[in-house]
1. Answer yes or no as to whether Asp142 is touching a residue at least 60 places away in the same chain (Cβ under 8 Å) and more than 29 Å from Thr217 (Cα to Cα).
2. Identify the residue in the range 65-81 that is of a type in the set (A, V, I, L, M) and in contact with a His (Cβ under 8 Å, 6 or more places away or on another chain) and, among all such residues, is surrounded by the most Cβ atoms within 10 Å (Cβ to Cβ).
3. Of the conditions (1) touching a residue at least 24 places away in the same chain (Cβ under 8 Å); (2) closer than 13 Å to Gln112 by Cα, Ser202 clears all except one; give me its number.
4. Spot the failing condition for Gln44; the list is (1) part of a helix (DSSP H, G or I); (2) buried (at least 16 other Cβ atoms within 10 Å of the Cβ), and only one is missed.
5. Anything in the range 82-100 that is part of a helix (DSSP H, G or I) and either within 27 Å of Arg180 (Cα to Cα) or open to solvent by 10 Å² or more (accessible area, probe 1.4 Å) (or both)? List them, or say none.
6. Scan the range 52-64 residue by residue and report those that are assigned to a helix (DSSP H, G or I) and open to solvent by 40 Å² or more (accessible area, probe 1.4 Å).
7. Limited to the range 101-120, what total is found for residues that are within 17 Å of Gly15 (Cα to Cα) and outside any helix (DSSP H, G or I)?
8. Do we find that Gly114 is crowded, with 22+ Cβ neighbours inside 10 Å and of a type in the set (Gly, Ala, Ser) in this structure?
Amino acid sequence: MTEQRIGMVALDIAGTSIDEGGAVYVALRKAVESHTGKPIGDDQFDRWKGTGKRDAIIGLLGEATVDEVDAVESRFTDSLLDAYRSVPPVPLPGIVDAFALLHEQKIKIVLQTGYSREIAGPLLDQVGWRIGRDIDAVITSDQVPISRPAPYLIFRAMEAVGVQSVAEVLVAGDTPNDLRAGTNAGARYVAGVLTGAHDAASLRSAPHTHILASAATIPEVLKLREVATQF
């Protein structure tokens with residue numbers, strides 16, 4: 001029986017596909033601490049990496065009103081977009097070539113993120129990536145009822161590009177919550193990457209199939225580089 005081929009690669013954005021220098025977590029910590037007036041412990045903060053940023057704000061604030069959450073989220077969004085305008089994000093090394101190899105083999109590329117569309121849109125504009133050319137879809141945390149580690153970002157990604165089986169899906173991200181989401185979705189491959197927020201020991205604490213130096217090596221995992229050299 002022929003093994004089912006991968007039809008979609010679902011990648012996190014910051015730290016997995018794009019190098020933004022960790023600005024997201026600086027902005028998130030600053031926005032929450034400015035509101036509470038108290039420092040956040042690293043262990044507590046790390047638990048929310050990779051989740052939807054509104055979810056993270058709610059979790060880090062503890063008891064808070066909707067108005068307070070809205071205010072902190074607005075402060076976070078403004079601060080992060082300012083940071084990106086000051087130091088524009090760039091694709092991580094090798095990612096553009098990896099995308100080309102995936103597309104050569106008719107594999108869909110979907111970015112799925114804990115960012116809202118308000119952040120993801122300008123970020124991708126700065127990098128110069130276009131839906132339908134460089135990537136096939138973008139799914140943001142405000143498009144699903146619950147972000148990571150729930151599987152809904154991945155399911156929406158599948159829906160967006162017409163992939164019907166999780167056996168056709170590879171999920172990659174730089175946080176344990178990315179890996180939990182991929183596992184909860186039942187994805188065939190769940191890969192942690194070492195280009196972002198967590199080291200190998202942290203990523204190995206979550207269920208996974210691969211730990212990779214970079215998402216740029218995904219074509220090697222799928223043996224696409226060998227295929228590409230035959231053309």
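The values are calculated or read from the model by the stated rules, or taken from the named source; none is laboratory data. This is a predicted model, so every value here is computed, not measured. We place every Cβ from the backbone using ideal geometry, glycine too, and count neighbours over all the protein chains shown. Note: accessible area is taken over every heavy atom of the protein model, side chains too, but ligands, DNA and RNA are not part of it. Shrake-Rupley method; radii C 1.70, N 1.55, O 1.52, S 1.80 Å.
1. yes
2. Restricting to residues being of a type in the set (A, V, I, L, M) and in contact with a His (Cβ under 8 Å, 6 or more places away or on another chain), the top hit is Val72.
3. The single condition Ser202 does not satisfy is (2).
4. Failed condition: (2).
5. Scanning the range 82-100 gives Asp82, Ala83, Arg85, Ser86, Ile95, Val96, Asp97, Ala98, Phe99, Ala100.
6. Result: Arg54, Asp55, Ile58.
7. Number satisfying all stated conditions: 8.
8. yes
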